[in-house]
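Every number in this text was worked out from the coordinates using simple rules, so none of it is lab data. Owing to the predicted nature of the structure, the values given are computational and were not obtained by experimental measurement. Neighbour counts run over all protein chains shown; Cβ positions are idealised from the backbone, glycine included.
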Amino acid sequence: MSYPNALANTEIPLFVELYDFISYSEALYLTSYYRPITYGNRTYTPATMERTQIERAQGEARTLTISFAVKENASLKFLNYNIPQIRVVLRRYFPSQNLAAVLFVGEVKAVGVQGNVVTVSVEDILAVKKLKVPRFFYANYCNHTLFDAGCGLLKEQWRVQAQVEEINNRQALKSYIFASYPNGYFTYGYVEYRRHYRLITKHEGGTIYLHAPFDTPITNPVWVYPGCDKTPQTCRNKFNNFQNFLGFPYMPTRNPTIWGV
């Protein structure tokens, strides 16, 4: 049975929605159905889902806001740090016919995490026509992201294992290991625990502060990754990686054509 025929079926078969969240290294498949669904060789995990209507202002790309909570993986690994391009595909699925149709394809533009609820703002994939090309810009700061292919550093060589000795308000982790590094060393880095990740918003002394708590109690050592503020000084002095720095620190801040040298 075709998708139009399924819609026209007088019995109005039950339909649910399937959500694909895909980045260059991660994928998460969720459904609003009460049980797991296998479709297209993918298994969709049941989750509490809420979304807005697909909206479009005149002359603008279509947008969609999705909120979800998953008991076992409430915060996506690829949503919790250094947000890369994340593709979102929304399908309407008829379980009785094993039939689905794509309603929306877009890319994540913003992410929010509150408790165990993740909210993503998605813009229509057609908005890619508005992207600036090339994707690298003349700027004082580096165009690369720490540990990506352009940066060239291997995160496994820079991570630090630490036993958490104390946790305050679920978001402040203390360890003597953190105190052995200069203040700010781990700021803008992230913590890995059981394949879940949290952004480090501040590192001071023996304490690091997370943007959101982990969903499960921390009972084992964690992996902690340093952060990078993308300045040439940090690239050279902290990571000894200035040969891969893709920024222009000596670019004049005033236009010499207008204001002179």
Using 0.36 nm per residue, how much length does the chain from THR145 to ILE258 gain when fully extended, once their Cα-Cα distance is taken away? 37.4 nm
Apply the Karplus curve 6.51 cos²θ - 1.76 cosθ + 1.60, θ = phi - 60°, to the phi angles in segment 240-245 and return the couplings in whole Hz, x for Gly and Pro. 6, 10, 5, 5, 9, 5
Sites matching trypsin sites (Lys or Arg not before Pro) across segment 164-216 that sit in DSSP coil, with at most 14 neighbouring C-beta atoms within 10 Å: ARG170, ARG194, ARG195
Mind checking which aspartates and glutamates have their Cα closer than 20 Å to the Cα of LYS174? Skip sequence neighbours fewer than 8 apart in that chain. GLU165, GLU166, GLU192, GLU204, ASP215
Förster radius 35 Å - calculated FRET efficiency between ILE54 and HIS211, Cβ distance, rounded to 0.05: 0.75
Full-stretch length increase - ARG35, PHE248 - with 0.36 nm per residue and alpha-carbon distance subtracted: 71.4 nm
Take each of the peptides 210-216, 149-155, average the number of other beta-carbon atoms within 10 Å over its residues, and list them starting from the highest. 210-216, 149-155
Okay, which of segment 108-127 sit inside 16 Å, backbone N to the point 7 Å along the Cα-Cβ direction of TYR24? 108
What residues have an amide H closer than 5 Å to that of ASN241, excluding those fewer than 5 places away on the same chain, when H is modeled at 1.01 Å from N in the peptide plane? ARG236
Using the 2.2 N^0.38 Å rule of thumb for compact globular proteins, work out how segment 181-232 stacks up: its C-alpha Rg over that value, please. 1.13
